[in-house]
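The numbers here are math on the coordinates, done by the rules we state, and not lab data. Here the structure is a predicted model, which means the values were calculated and not measured. Here the Cβ positions follow ideal geometry from the backbone for every residue, glycine too, while neighbour counts run over all protein chains shown.
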Amino acid sequence: MSDTPLLSQINPPHRLLMGPGPINADPRVLRAMSSQLIGQYDPVMTGYMNEVMELYRGVFRTRNRWTMLVDGTSRAGIEAILVSAIRPGDKVLVPVFGRFGHLLCEIARRCRAEVHTIEAPWGEVFSADQIEDAIKRVKPRLLLTVQGDTSTTMLQPLEHLGEICRRYGALFYTDATASLGGNALDADAWGLDAVSAGLQKCLGGPSGSSPVTLSEAMVAAVRARKCVEQGIRTDAHEDGDEEMIWSNYFDLGMVMDYWGPERLNHHTEATSMLFAARECARIMLEEGMDNLIARHELHGRAMLNGIQGMGLEAFGDIANKMNNVLGVVIPSGVPGEEVRRRLLEDFHIEIGTSFGPLAGKIWRIGTMGYNARKDCVLQTLTALEAVLNRLGFATTQGAAMQAAWDTYEG
Ligand SMILES: *Cc1c(COP(=O)(O)O)cnc(C)c1O
């Protein structure tokens, strides 16, 4: 007899996830995920893989052939691109304006890159000129950026950086995990060589799959790396002679050979996650990327107006804020964690805390994906105001709701 207690079937409470991610998945995505499995080389499955490539070209706004999924959370996509592109000794430039910029530096260092940074105070972003000056000085092989850094809620403008990178011969990457779908991103028009994302922010799915897209120049950089003999390759293969990529799982050359017509065995595609990613893209493209972004802008603005209407202060440079996440300064004397606990326990609403230099200073409230909705915004504002009042912080009664309604009806 085992001593392991018999546990009941998993049955998580119904929460409204209004933090910086993850958020509630669209029920359509959950339904897609509950579909039965099929074999990884079943023509139906490889057909789905091809469909996913085509769907995500629409999401990233690109014609890049190599638009696919890396299995794992968003960090898997980031790491796959960095380990596949960076050769030991390569210079990389990272404009750091929050936690995820530091993450890019850390991964690049693990790839033995020579990492150069410029830093902006948390709550601000860089001008294109500041980045160009640094590129001139450093002459990096890669510019590694974060588009929306959820740690600070700021959105780095990227539209002029591709042209600058072209002029100085740098490859241009961005981590769009937090921003894609909620803010404009035009991979081809902006000259991006690589973009990675995840499902659990504006895409309306669970974490666990990372859509990526790679330009021809990025593919050439990856293909220049030596490929290990896999014992399954029968054809002549054009992989180059630069140092081998140190990761097998994240070797994008091998991932491309699996997603491409060769269908060379690598990992087993995470089938249920692919079903999820496919449904996320279908939902987004059905709405239209422009409408989706406009919806995030509207509900983000309603939340901002509501918060300010309540007498709270928004964090950072509002002009460069992501549409989908808002930093709210915790008023002095208000116990930030107690507020979050009461929201969760009494209302089943989750909002985000912060870390690093902002720990204990701001809450982060998301309005994204499936939860970029009027009812979610109004419920969150009402609950937050009630909890603040309960804890003795006086607000202008009802003003938050009126300000949010004004946004919708104004
Ligand atoms: C949320 C977020 C991630 C998340 O990475 P996971 O591996 O999916 O947890 C990555 N980058 C940015 C900018 C994010 O905001």
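Summary of computed values
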quantity	calculated
Taking TYR258, TYR173, TYR168 and counting other C-beta atoms within 10 Å, the order from fewest to most	TYR168, TYR258, TYR173
Expected-Rg normalisation [2.2 N^0.38 Å, Cα atoms] applied to the chain	1.03
Dmax and Rg, reported as Rg then Dmax, of segment 272-333 (C-alpha, Å)	15.7, 47
Surrounding net charge for ILE164, when Lys and Arg each add one and Asp and Glu each subtract one, Cβ distance under 11 Å	-2
Per residue, the convex hull volume that the Cα atoms of segment 1-144 enclose (Å³)	242
Total charge dipole magnitude, segment 289-409, about the Cα centre, Cβ charges on Lys, Arg, Asp, Glu only, Debye to nearest 20	140
Electrostatic dipole magnitude of the chain [Cβ: Lys, Arg +1; Asp, Glu -1; Cα centre; debye, to 20]	420
12 Å beta-carbon shell around ASP42, net charge (K/R +1, D/E -1)	0
Segment 18-285, relative contact order [Cα under 8 Å, separation at least 6], %	27
Ellipsoid equivalent to segment 289-409 - semi-axes via the Cα gyration tensor, in Å	21, 16, 14
Mean Cβ count within 10 Å, highest first, over the residues of peptides 37-49, 202-214, 17-29	202-214, 17-29, 37-49
Computed [θ] at 222 nm, helices only, for the chain once each DSSP H run of length n ≥ 4 contributes -39500 (n - 2.57)	-12500 deg cm²/dmol
Per principal axis, descending, Cα span of segment 67-187 in whole Å	32, 28, 25
Candidates per trypsin sites (Lys or Arg not before Pro) in segment 62-161, loop by DSSP, up to 14 other Cβ within 10 Å	ARG63, ARG112
